[in-house]
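The values are calculated or read from the model by the stated rules, or taken from the named source; none is laboratory data. Note that the structure is a prediction, hence the values are computed from the model and not measured. Please note: Cβ atoms are built from the backbone with ideal geometry, for glycine as well, and neighbour counts cover all protein chains shown.
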Amino acid sequence: MVKRRIIWSISPLPPCNTPPDAGIALISDTVTCPGYSVFLIDTTHDVTYQNLSFNWQFSTDGITYADIPGATADTLTFTVNTNTWFRFRTTCNGTSDGYSNIVKVVMSPPFACYGFSQAIGGNNDSSDVGAFIIGDISNNNNIYAFITGGPHLLNPASVKKRTDYTAAGTMELITDSLYKISIYHIMKGSNHADAQVSVFIDYNNNQQYDSPNERVFTGVANLNNFYLNGSFQTPTSPALNVATGLRVVLNNDLSPNGASDNGVGTYVSGETEDYLVRFKLKQLVSTGIEEAQILDQIGVYPNPTNGKVFVGFNLHENLNVQLSVLSITGAVLESRTINGVKGQAVEEFNLGAYAKGTYLIRLQTEKGTYVRRIVVE
(Lines give C-alpha, C1' and ligand atoms only; values in the text may rest on other atoms or scores of the structure.)
Protein backbone atom coordinates (compact mmCIF):
# COMPACT_ATOMS: atom_id res chain seq x y z
CA MET A 1 0.00 0.00 0.00
CA VAL A 2 1.45 3.28 -1.06
CA LYS A 3 0.85 6.20 1.22
CA ARG A 4 0.32 9.44 -0.51
CA ARG A 5 1.04 12.80 1.01
CA ILE A 6 -1.50 15.45 0.13
CA ILE A 7 -0.35 19.06 0.36
CA TRP A 8 -3.06 21.70 0.59
CA SER A 9 -2.21 25.14 -0.68
CA ILE A 10 -4.15 28.29 0.05
CA SER A 11 -4.10 30.97 -2.58
CA PRO A 12 -3.13 34.35 -1.18
CA LEU A 13 -5.56 37.23 -1.37
CA PRO A 14 -5.11 39.39 -4.46
CA PRO A 15 -3.45 42.79 -4.11
CA CYS A 16 -5.81 45.62 -3.19
CA ASN A 17 -7.07 48.05 -5.78
CA THR A 18 -5.92 51.65 -5.87
CA PRO A 19 -7.99 53.45 -4.87
CA PRO A 20 -10.03 50.83 -2.98
CA ASP A 21 -13.84 50.79 -2.99
CA ALA A 22 -15.02 52.27 0.30
CA GLY A 23 -18.64 51.19 -0.16
CA ILE A 24 -21.82 52.95 0.93
CA ALA A 25 -22.21 54.45 4.40
CA LEU A 26 -25.58 54.58 6.17
CA ILE A 27 -26.59 56.56 9.28
CA SER A 28 -29.40 55.82 11.72
CA ASP A 29 -30.54 59.43 12.24
CA THR A 30 -30.25 62.59 10.19
CA VAL A 31 -31.72 64.79 12.95
CA THR A 32 -31.08 64.52 16.69
CA CYS A 33 -30.34 66.56 19.80
CA PRO A 34 -26.93 67.24 21.39
CA GLY A 35 -25.76 64.38 23.60
CA TYR A 36 -27.50 61.61 21.65
CA SER A 37 -25.66 58.97 19.62
CA VAL A 38 -26.02 57.92 15.99
CA PHE A 39 -25.32 54.48 14.52
CA LEU A 40 -23.18 54.19 11.37
CA ILE A 41 -22.70 51.14 9.14
CA ASP A 42 -20.77 50.34 5.95
CA THR A 43 -20.62 46.67 4.94
CA THR A 44 -20.16 47.16 1.18
CA HIS A 45 -16.49 48.22 1.09
CA ASP A 46 -13.59 46.15 -0.32
CA VAL A 47 -12.63 43.26 1.99
CA THR A 48 -11.02 40.30 0.19
CA TYR A 49 -7.75 42.00 -0.75
CA GLN A 50 -4.32 42.29 0.80
CA ASN A 51 -3.11 45.26 2.84
CA LEU A 52 -6.43 46.99 3.43
CA SER A 53 -7.10 49.19 6.45
CA PHE A 54 -10.25 51.04 7.50
CA ASN A 55 -11.36 54.03 9.58
CA TRP A 56 -14.49 56.10 10.12
CA GLN A 57 -13.90 59.83 9.78
CA PHE A 58 -15.90 62.82 11.01
CA SER A 59 -16.09 66.56 10.33
CA THR A 60 -17.85 69.45 12.03
CA ASP A 61 -17.75 71.72 8.96
CA GLY A 62 -18.20 69.28 6.08
CA ILE A 63 -14.76 70.20 4.71
CA THR A 64 -11.99 68.96 7.01
CA TYR A 65 -12.19 65.33 8.15
CA ALA A 66 -10.30 63.48 10.87
CA ASP A 67 -10.06 59.81 11.81
CA ILE A 68 -12.16 58.71 14.78
CA PRO A 69 -9.68 56.88 17.05
CA GLY A 70 -10.30 53.14 17.15
CA ALA A 71 -13.23 53.32 14.72
CA THR A 72 -11.96 50.61 12.33
CA ALA A 73 -14.99 48.28 12.29
CA ASP A 74 -17.89 48.28 9.81
CA THR A 75 -20.21 49.74 12.46
CA LEU A 76 -19.86 52.67 14.83
CA THR A 77 -21.96 54.29 17.56
CA PHE A 78 -20.94 57.94 17.94
CA THR A 79 -22.22 60.66 20.31
CA VAL A 80 -22.82 64.02 18.62
CA ASN A 81 -23.05 67.51 20.09
CA THR A 82 -23.15 69.58 16.90
CA ASN A 83 -23.90 69.17 13.19
CA THR A 84 -21.56 66.36 12.10
CA TRP A 85 -20.55 64.78 8.78
CA PHE A 86 -19.21 61.19 8.49
CA ARG A 87 -17.51 59.03 5.87
CA PHE A 88 -15.78 55.63 5.78
CA ARG A 89 -12.15 55.56 4.64
CA THR A 90 -10.65 52.41 3.04
CA THR A 91 -6.89 52.47 2.51
CA CYS A 92 -4.73 50.26 0.25
CA ASN A 93 -1.10 49.66 1.26
CA GLY A 94 -1.26 52.60 3.65
CA THR A 95 -1.06 55.13 0.83
CA SER A 96 -4.12 55.01 -1.46
CA ASP A 97 -7.44 56.09 0.08
CA GLY A 98 -10.99 55.51 -1.05
CA TYR A 99 -13.92 57.27 0.63
CA SER A 100 -17.57 56.34 0.97
CA ASN A 101 -20.44 58.72 0.44
CA ILE A 102 -20.89 61.38 3.14
CA VAL A 103 -23.71 61.12 5.67
CA LYS A 104 -24.75 63.95 8.00
CA VAL A 105 -26.69 64.48 11.20
CA VAL A 106 -27.99 67.94 12.14
CA MET A 107 -29.04 69.20 15.55
CA SER A 108 -32.69 69.86 16.29
CA PRO A 109 -33.43 73.42 17.44
CA PRO A 110 -33.45 73.90 21.24
CA PHE A 111 -37.25 74.09 21.49
CA ALA A 112 -37.46 70.53 20.10
CA CYS A 113 -34.98 69.04 22.59
CA TYR A 114 -36.22 67.72 25.92
CA GLY A 115 -34.51 65.75 28.71
CA PHE A 116 -32.29 62.84 27.69
CA SER A 117 -34.16 59.58 27.09
CA GLN A 118 -33.09 56.52 25.08
CA ALA A 119 -32.35 52.81 25.26
CA ILE A 120 -28.74 52.02 26.17
CA GLY A 121 -28.78 48.23 26.16
CA GLY A 122 -26.81 47.69 22.94
CA ASN A 123 -27.32 44.09 21.84
CA ASN A 124 -29.80 43.66 24.70
CA ASP A 125 -32.08 46.30 23.17
CA SER A 126 -34.82 44.28 21.46
CA SER A 127 -37.97 46.46 21.27
CA ASP A 128 -39.18 49.44 19.25
CA VAL A 129 -42.28 51.48 18.44
CA GLY A 130 -43.62 50.03 15.19
CA ALA A 131 -46.35 52.65 14.77
CA PHE A 132 -47.67 55.73 16.54
CA ILE A 133 -51.03 57.04 15.36
CA ILE A 134 -53.19 59.95 16.56
CA GLY A 135 -56.81 60.06 15.42
CA ASP A 136 -59.94 62.16 15.72
CA ILE A 137 -62.24 60.11 17.89
CA SER A 138 -65.38 61.99 16.77
CA ASN A 139 -65.19 60.68 13.18
CA ASN A 140 -62.78 57.77 13.71
CA ASN A 141 -60.21 59.22 11.28
CA ASN A 142 -56.45 58.84 11.68
CA ILE A 143 -54.98 62.33 11.31
CA TYR A 144 -51.30 61.65 12.04
CA ALA A 145 -49.52 58.31 11.51
CA PHE A 146 -45.82 57.46 11.93
CA ILE A 147 -45.36 53.83 10.93
CA THR A 148 -42.28 51.60 10.79
CA GLY A 149 -44.41 48.53 10.07
CA GLY A 150 -43.53 44.88 9.80
CA PRO A 151 -44.37 41.95 12.08
CA HIS A 152 -44.49 42.05 15.85
CA LEU A 153 -41.66 39.50 16.21
CA LEU A 154 -38.56 38.97 14.05
CA ASN A 155 -38.78 42.55 12.83
CA PRO A 156 -35.40 43.68 11.40
CA ALA A 157 -36.41 47.35 11.71
CA SER A 158 -36.51 47.07 15.50
CA VAL A 159 -33.02 48.48 16.14
CA LYS A 160 -33.66 52.08 17.24
CA LYS A 161 -32.69 53.62 20.59
CA ARG A 162 -34.42 56.94 19.91
CA THR A 163 -36.06 58.50 16.88
CA ASP A 164 -36.41 62.25 16.40
CA TYR A 165 -39.49 63.09 14.34
CA THR A 166 -39.48 66.79 15.21
CA ALA A 167 -38.23 67.74 11.74
CA ALA A 168 -41.20 65.94 10.16
CA GLY A 169 -43.51 68.86 10.96
CA THR A 170 -45.79 69.91 13.79
CA MET A 171 -49.02 68.06 14.54
CA GLU A 172 -51.92 70.45 15.08
CA LEU A 173 -54.32 69.59 17.91
CA ILE A 174 -57.39 71.41 19.21
CA THR A 175 -58.01 72.39 22.82
CA ASP A 176 -60.70 70.65 24.87
CA SER A 177 -60.94 67.74 22.42
CA LEU A 178 -60.76 63.95 22.67
CA TYR A 179 -58.16 62.10 20.58
CA LYS A 180 -57.46 58.41 20.13
CA ILE A 181 -53.91 57.03 20.02
CA SER A 182 -52.48 53.69 18.92
CA ILE A 183 -49.00 52.30 19.61
CA TYR A 184 -47.65 49.13 17.99
CA HIS A 185 -44.87 47.13 19.72
CA ILE A 186 -42.26 45.42 17.50
CA MET A 187 -39.28 43.23 18.44
CA LYS A 188 -36.19 41.95 16.64
CA GLY A 189 -36.21 38.56 18.38
CA SER A 190 -38.52 35.58 18.14
CA ASN A 191 -39.66 35.74 21.79
CA HIS A 192 -42.07 38.34 23.11
CA ALA A 193 -41.19 40.53 26.09
CA ASP A 194 -43.75 42.81 27.76
CA ALA A 195 -43.18 46.56 27.47
CA GLN A 196 -44.56 49.60 29.24
CA VAL A 197 -45.70 52.37 26.90
CA SER A 198 -46.04 55.98 28.07
CA VAL A 199 -47.02 59.12 26.14
CA PHE A 200 -46.26 62.65 27.35
CA ILE A 201 -47.31 66.09 26.06
CA ASP A 202 -45.76 69.34 27.30
CA TYR A 203 -49.09 71.19 27.57
CA ASN A 204 -47.68 74.30 29.29
CA ASN A 205 -44.60 74.48 27.00
CA ASN A 206 -42.09 74.73 29.85
CA GLN A 207 -39.84 72.17 28.10
CA GLN A 208 -40.45 69.56 30.79
CA TYR A 209 -42.93 66.73 31.12
CA ASP A 210 -44.71 67.46 34.39
CA SER A 211 -46.07 64.13 35.60
CA PRO A 212 -48.67 62.99 36.21
CA ASN A 213 -50.65 65.78 34.50
CA GLU A 214 -48.63 65.67 31.28
CA ARG A 215 -48.41 61.87 31.09
CA VAL A 216 -51.45 61.40 28.85
CA PHE A 217 -51.33 57.63 28.34
CA THR A 218 -49.76 54.55 29.89
CA GLY A 219 -50.26 50.87 29.14
CA VAL A 220 -48.49 47.52 28.90
CA ALA A 221 -47.94 45.71 25.61
CA ASN A 222 -48.17 41.98 26.25
CA LEU A 223 -48.26 38.87 24.08
CA ASN A 224 -52.04 39.03 23.73
CA ASN A 225 -52.20 42.78 23.20
CA PHE A 226 -49.15 44.29 21.52
CA TYR A 227 -51.16 46.90 19.56
CA LEU A 228 -52.31 49.31 22.26
CA ASN A 229 -55.22 51.70 21.83
CA GLY A 230 -56.18 54.55 24.12
CA SER A 231 -57.35 58.15 24.21
CA PHE A 232 -56.57 61.48 25.83
CA GLN A 233 -58.45 64.72 26.39
CA THR A 234 -56.60 67.93 25.60
CA PRO A 235 -56.91 70.71 28.21
CA THR A 236 -58.90 73.87 27.67
CA SER A 237 -55.91 76.17 28.18
CA PRO A 238 -52.57 74.72 27.02
CA ALA A 239 -49.88 76.94 25.51
CA LEU A 240 -51.37 78.08 22.20
CA ASN A 241 -49.82 78.43 18.74
CA VAL A 242 -46.37 77.30 19.84
CA ALA A 243 -44.52 74.09 18.99
CA THR A 244 -44.32 71.92 22.10
CA GLY A 245 -43.06 68.43 22.80
CA LEU A 246 -44.79 65.05 22.56
CA ARG A 247 -42.77 62.00 23.64
CA VAL A 248 -43.48 58.27 23.36
CA VAL A 249 -41.45 55.87 25.53
CA LEU A 250 -41.65 52.10 24.97
CA ASN A 251 -39.68 50.38 27.72
CA ASN A 252 -39.26 46.67 28.52
CA ASP A 253 -38.67 47.59 32.17
CA LEU A 254 -42.09 47.39 33.83
CA SER A 255 -40.89 48.56 37.25
CA PRO A 256 -41.17 52.22 38.32
CA ASN A 257 -38.51 54.25 36.47
CA GLY A 258 -37.88 57.79 35.31
CA ALA A 259 -38.20 57.15 31.59
CA SER A 260 -41.65 55.57 31.79
CA ASP A 261 -42.97 57.64 34.70
CA ASN A 262 -41.58 61.11 33.93
CA GLY A 263 -40.43 60.96 30.31
CA VAL A 264 -36.72 61.43 31.08
CA GLY A 265 -34.09 58.77 31.69
CA THR A 266 -32.30 55.81 30.15
CA TYR A 267 -33.36 52.15 30.07
CA VAL A 268 -32.02 48.90 28.65
CA SER A 269 -34.47 47.96 25.90
CA GLY A 270 -37.08 49.92 23.95
CA GLU A 271 -37.30 53.19 22.08
CA THR A 272 -38.04 56.88 22.69
CA GLU A 273 -39.75 58.85 19.93
CA ASP A 274 -39.98 62.65 19.97
CA TYR A 275 -42.55 64.76 18.11
CA LEU A 276 -43.84 68.35 18.08
CA VAL A 277 -47.48 69.42 18.44
CA ARG A 278 -49.20 72.79 18.32
CA PHE A 279 -52.50 73.65 20.01
CA LYS A 280 -55.23 75.76 18.46
CA LEU A 281 -58.30 77.11 20.23
CA LYS A 282 -61.51 75.18 19.82
CA GLN A 283 -63.81 77.49 17.86
CA LEU A 284 -67.42 77.20 18.97
CA VAL A 285 -68.38 79.95 16.52
CA SER A 286 -66.06 80.52 13.59
CA THR A 287 -64.89 84.13 13.33
CA GLY A 288 -62.67 83.74 10.28
CA ILE A 289 -60.00 85.67 12.18
CA GLU A 290 -56.89 84.07 13.68
CA GLU A 291 -54.69 85.84 16.18
CA ALA A 292 -51.35 86.95 14.74
CA GLN A 293 -48.41 85.36 16.49
CA ILE A 294 -45.15 87.30 16.71
CA LEU A 295 -42.97 84.57 18.24
CA ASP A 296 -43.19 80.83 18.69
CA GLN A 297 -40.97 77.80 19.27
CA ILE A 298 -38.92 79.41 22.04
CA GLY A 299 -36.82 76.92 23.98
CA VAL A 300 -33.59 76.32 25.90
CA TYR A 301 -31.45 73.16 25.73
CA PRO A 302 -29.98 71.35 27.52
CA ASN A 303 -31.98 71.95 30.68
CA PRO A 304 -30.56 71.28 33.26
CA THR A 305 -27.07 72.32 32.11
CA ASN A 306 -23.60 72.44 33.61
CA GLY A 307 -22.35 75.09 31.21
CA LYS A 308 -23.27 75.62 27.58
CA VAL A 309 -26.95 76.33 26.78
CA PHE A 310 -28.66 77.13 23.47
CA VAL A 311 -31.64 79.48 23.20
CA GLY A 312 -33.76 78.95 20.09
CA PHE A 313 -36.77 80.91 18.83
CA ASN A 314 -38.74 81.73 15.69
CA LEU A 315 -39.86 85.31 14.91
CA HIS A 316 -42.55 86.04 12.33
CA GLU A 317 -41.59 89.73 12.01
CA ASN A 318 -38.29 91.55 11.59
CA LEU A 319 -37.54 92.66 15.16
CA ASN A 320 -34.66 93.56 17.44
CA VAL A 321 -34.21 90.99 20.20
CA GLN A 322 -32.61 91.38 23.62
CA LEU A 323 -31.61 88.14 25.34
CA SER A 324 -30.75 88.25 29.04
CA VAL A 325 -29.71 85.85 31.76
CA LEU A 326 -31.42 86.74 35.05
CA SER A 327 -31.13 85.52 38.60
CA ILE A 328 -34.26 83.98 40.07
CA THR A 329 -34.89 87.36 41.77
CA GLY A 330 -34.77 89.18 38.42
CA ALA A 331 -31.28 90.70 38.52
CA VAL A 332 -29.69 90.94 35.05
CA LEU A 333 -26.47 88.88 34.97
CA GLU A 334 -25.64 89.26 31.29
CA SER A 335 -27.42 90.57 28.22
CA ARG A 336 -26.97 90.86 24.46
CA THR A 337 -28.95 92.46 21.61
CA ILE A 338 -29.46 90.94 18.17
CA ASN A 339 -30.72 93.37 15.57
CA GLY A 340 -33.10 92.61 12.73
CA VAL A 341 -34.09 89.02 13.48
CA LYS A 342 -36.74 87.23 11.41
CA GLY A 343 -37.27 83.46 11.22
CA GLN A 344 -35.44 80.84 13.25
CA ALA A 345 -32.43 81.84 15.34
CA VAL A 346 -30.23 80.12 17.92
CA GLU A 347 -27.98 81.88 20.44
CA GLU A 348 -25.44 80.24 22.74
CA PHE A 349 -24.72 81.14 26.38
CA ASN A 350 -22.12 79.64 28.70
CA LEU A 351 -23.42 79.45 32.28
CA GLY A 352 -20.52 77.37 33.58
CA ALA A 353 -19.25 80.17 35.81
CA TYR A 354 -22.57 80.58 37.62
CA ALA A 355 -23.37 78.91 40.93
CA LYS A 356 -25.68 75.90 40.86
CA GLY A 357 -29.34 76.87 40.96
CA THR A 358 -32.26 78.21 38.92
CA TYR A 359 -31.93 81.13 36.50
CA LEU A 360 -34.14 82.81 33.92
CA ILE A 361 -33.58 83.35 30.20
CA ARG A 362 -35.54 86.42 29.06
CA LEU A 363 -36.29 87.30 25.45
CA GLN A 364 -37.55 90.85 24.86
CA THR A 365 -38.87 92.51 21.71
CA GLU A 366 -40.94 95.64 21.18
CA LYS A 367 -43.91 93.31 20.73
CA GLY A 368 -43.55 91.31 23.96
CA THR A 369 -41.40 89.56 26.59
CA TYR A 370 -40.91 85.81 27.05
CA VAL A 371 -39.18 83.94 29.88
CA ARG A 372 -37.82 80.41 30.29
CA ARG A 373 -36.34 78.81 33.40
CA ILE A 374 -32.91 77.13 33.25
CA VAL A 375 -31.26 75.02 35.95
CA VAL A 376 -27.45 75.02 36.36
CA GLU A 377 -26.11 71.83 37.94
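Annotations for the structure displayed:
- The criterion of being outside any loop (DSSP other than H, G, I, E, B), closer than 16 Å to LEU173 by Cα and modelled with pLDDT of 80 or more does not hold for LEU315.
- LEU228 meets each of the listed conditions (1) over 22 Å from GLY35 (Cα atoms); (2) free of Cβ contacts under 8 Å to residues at least 12 places away in the same chain; (3) surrounded by 15 or more Cβ atoms within 10 Å (Cβ to Cβ) apart from (2).
- The residues on offer are ASN229, ASN206, ASN241, and the sole one that is on the phi < 0 side of the Ramachandran plot, over 20 Å from the mean Cα position of the chain (by Cα) and not acidic (Asp, Glu) is ASN229.
- Residue that is farthest from ILE27 (Cα to Cα) [pool: residues in the range 143-152 that are among the β-branched types (Val, Ile, Thr) and part of a strand (DSSP E or B)]: ILE143
- Taking the criterion of being of a type in the set (D, E, K, R) and surrounded by 15 or more Cβ atoms within 10 Å (Cβ to Cβ), the residues of the range 320-372 that qualify are GLU347, ARG362, ARG372.
- Residue count, the range 79-135 (criterion: farther than 29 Å from TYR301 by Cα and in a strand (DSSP E or B)): 10
Quick grid of which residues meet (1) of a type in the set (A, V, I, L, M, F, W, C); (2) in contact with a strand residue (DSSP E or B) (Cβ under 9 Å, 6 or more places away or on another chain); (3) in contact (Cβ under 8 Å) with a residue 40 or more places away in the chain:
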| position | (1), (2), (3) |
| --- | --- |
| LEU315 | yes, yes, yes |
| SER327 | no, yes, no |
| GLN344 | no, yes, yes |
| ALA353 | yes, no, no |
| ILE361 | yes, yes, yes |
| GLN364 | no, yes, yes |
| LYS367 | no, yes, yes |
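- For GLY135, the requirement of being touching a strand residue (DSSP E or B) at 6+ places or on another chain (Cβ under 7 Å), surrounded by fewer than 22 Cβ atoms within 10 Å (Cβ to Cβ) and in contact (Cβ under 8 Å) with a residue 40 or more places away in the chain is met.
- All conditions but one from (1) out of contact with any helix residue (DSSP H, G or I) (no Cβ under 7 Å at 6 or more places or on another chain); (2) buried (at least 17 other Cβ atoms within 10 Å of the Cβ) apply to SER117; the one that does not is (1).
- So ASN155, is it part of a loop (DSSP other than H, G, I, E, B) and either modelled with pLDDT of 90 or more or among the β-branched types (Val, Ile, Thr) (or both): yes
- Yes/no for GLY122 being under 27 Å from SER260 (Cβ atoms), among the small types (Gly, Ala, Ser) and surrounded by fewer than 17 Cβ atoms within 10 Å (Cβ to Cβ): yes
- Here the condition is being within 23 Å of the chain's Cα centre (by Cα) and either among the acidic types (Asp, Glu) or under 30 Å from GLU172 (Cα atoms) (or both); of SER126, SER117, SER138, it holds for SER117 alone.
- Of all residues in the range 235-243, none are modelled with pLDDT of 95 or more and either of a type in the set (D, E, K, R) or surrounded by fewer than 16 Cβ atoms within 10 Å (Cβ to Cβ) (or both).
- Complete set of residues in the range 216-242 that are within 18 Å of TYR179 (Cα to Cα) and aliphatic (A, V, I, L, M): VAL216, LEU228, ALA239, LEU240
For (1) surrounded by 20 or more Cβ atoms within 10 Å (Cβ to Cβ); (2) in contact with an Asp or Glu (Cβ under 7 Å, 6 or more places away or on another chain), each residue gets a yes or a no:
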position: VAL80; (1), (2): yes, no
position: ASP97; (1), (2): no, no
position: SER108; (1), (2): yes, yes
position: GLY130; (1), (2): yes, no
